[in-house]
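These notes concern the structure reproduced below.
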Amino acid sequence: MSNIVVLVKQVPDTYSERKLKDDDFTLDRENADAVLDEINENAVEAALQLKEADDSRNVVVLSVGPQRATEALRKALSLGCDEAILVTDDALAGSDALGTAWALSNAINLVDDIELIICGNSSTDGGAGAVPGLLSEYRQIPALTHLRSLTVEGGTVSGERVTEDGVYSVEAPTPAIVSVTEKANTPRFAVFKGIMAAKKKTIREVDLAEIGVDPSNVGLANAATSVSSSTPKPPKSAGEIITDEGDGGTKLVEYLVAQKLV
């Protein structure tokens, strides 16, 4: 049985106010509602569709984060994933994309016979979009990124990548890592049967020692990138009201010109 590994992340809900901590400028995750990142639902859906096309495939969902991230993994399990692994360790706090990808790469070694690694093209909290490329380098496997379609057949993964210059058909031998966009599919909703089944599935929790990662390679103190300052988003101000006295169109154009919007 081959395995498809889906990388997921728990992020502050986009409907919550996202703030940085005053001391180290890392994202304040404790004081915001946490959810499975929306783009990860597309990654999960892509894996589940491949499993439905070939029921010999097994879908393993993997995350790096605090113990609370089990909620996101449980959501993925309720959608139909078979197994879940969480890498959780205090030393991981504040890790940048490099440290996170290194932890993920080593955690992936816990899974045998990997056919494909799937993730979203970019998380909604960090937005770097660097993890797929980093994993490709760390694991020395091909990477197909920003895909709007995905198929796997005969040991080859293929799909369509959309760029500003057009649509490109790309392919690579498996095992490979792919990232999908929100246009790749329409994620399914969890049904009651799936939610109940997810409660019985075990989430394997491991620390850095269990995956062979030295704490000096992860965490805020060892990050290659950092935020040195932040400025709060300015409060919304009232809009300007234009009274139409026969010259409303002219006033509107003058306002747009003054704001350098036209």
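Structure above, values below:
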{"quantity": "Size of charge dipole - the chain - debye, nearest 20, with Cβ of Lys, Arg +1 and Asp, Glu -1, no other charges", "calculated": "480"}
{"quantity": "Along principal axes, Cα extents of the stretch 188-262, largest first, whole Å", "calculated": "73, 44, 21"}
{"quantity": "Cα convex hull of the stretch 42-109, projected area averaged across orientations, nm²", "calculated": "5.0"}
{"quantity": "Lysines with Cα under 20 Å of K260, excluding same-chain neighbours fewer than 8 positions away", "calculated": "K236, K251"}
{"quantity": "Equivalent ellipsoid, the chain (semi-axes from 5 times Cα gyration tensor eigenvalues, Å)", "calculated": "37, 25, 19"}
{"quantity": "In sequence order, calculated HN-Hα J values of the stretch 83-95 (Karplus, 6.51, -1.76, 1.60; Hz; x Gly/Pro)", "calculated": "9, 9, 10, 10, 9, 9, 6, 4, 5, 7, 4, x, 4"}
{"quantity": "Cα centroid separation, the stretch 84-154 to the stretch 168-222 (Å)", "calculated": "7"}
{"quantity": "Residue-normalised accessible area of the chain, given per residue in Å² at a 1.4 Å probe", "calculated": "57"}
{"quantity": "Between 0 and 90°, nearest 10: helix 97-108 axis offset from the chain longest Cα axis", "calculated": "30"}
{"quantity": "DSSP bridge orientation in the chain - percent antiparallel, rounded to nearest 5", "calculated": "40"}
{"quantity": "Whichever lysines have a C-alpha closer than 23 Å to that of K75, once near sequence neighbours (fewer than 8 apart) are set aside", "calculated": "K9, K51, K183, K193, K199, K200, K201"}
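The values are calculated or read from the model by the stated rules, or taken from the named source; none is laboratory data. This one's a predicted model, so the numbers in the text were calculated from it and none came from an experiment. Positions of Cβ are backbone-derived with ideal geometry, glycine not excepted, and every protein chain shown enters the neighbour counts. Quick note on the areas: whole protein, heavy atoms, side chains included, nothing else; ligands and nucleic acids left out. Shrake-Rupley method; radii C 1.70, N 1.55, O 1.52, S 1.80 Å.
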